[in-house]
Amino acid sequence: MSRRGGGAGGARQQSGSVAVMPRRVEQIAVHLSEHVDYPASKREIITACSNLACFSYGDDREWLEECLENRSFRDSDEVEDALQMI
């Protein structure tokens, strides 16, 4: 499980728009730690998440696409830090 607790949400400023963090933060954190093989690129993470229940809403996928930096990540904690999952 991730070192983060998961909360009700927050916001992140990205390229002039505000992307609201999904309410299912805890489910997303579990998925990132248990179902993504690291190191992983942004594209690999999004592909791994695309057909999961915690990303069943278009808003969640859009949030991930918008807020996740286009680079490689060593582990789920690094992804959560990049997404500011508190």
Item checked: Condition broken by Gly58, with the remaining ones in (1) surrounded by fewer than 18 Cβ atoms within 10 Å (Cβ to Cβ); (2) at pLDDT 90 or above satisfied -> (2)
Next item on the list: List every residue pair whose Cβ atoms sit under 8 Å apart, with the two residues 6 or more apart in sequence or on different chains, where the first one lies in segment 61-82 and is in contact (Cβ under 8 Å) with a residue 60 or more places away in the chain and closer than 14 Å to Cys49 by Cβ and the second, anywhere, is outside any helix (DSSP H, G or I) and not charged (D, E, K, R).
Entry: Ser76/Ser2; Ser76/Val36; Ser76/Tyr38; Glu80/Ser2
Check: What single numbered condition from (1) part of a strand (DSSP E or B); (2) modelled with pLDDT of 65 or more fails to hold for His31?
Finding: (1)
Next item on the list: Check off (1) at pLDDT 85 or above; (2) surrounded by 13 or more Cβ atoms within 10 Å (Cβ to Cβ) for Met85 and give me the number that stays unchecked.
Entry: (1)
Next item on the list: Taking the options Asp37, Asp77, name whichever one is of a type in the set (Asp, Glu), outside any helix (DSSP H, G or I) and modelled with pLDDT of 85 or more.
Entry: Asp37
Checklist line | Sole exception among (1) at pLDDT 80 or above; (2) surrounded by 14 or more Cβ atoms within 10 Å (Cβ to Cβ); (3) out of contact with any Leu (no Cβ under 8 Å at 6 or more places or on another chain) for Asn70, by number | finding: (2)
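The values are calculated or read from the model by the stated rules, or taken from the named source; none is laboratory data. No experiment lies behind these values; they were computed from the predicted model shown. Methodologically, a virtual Cβ is constructed for each residue, glycine included, from the backbone with ideal geometry; neighbour enumeration extends over all protein chains shown.
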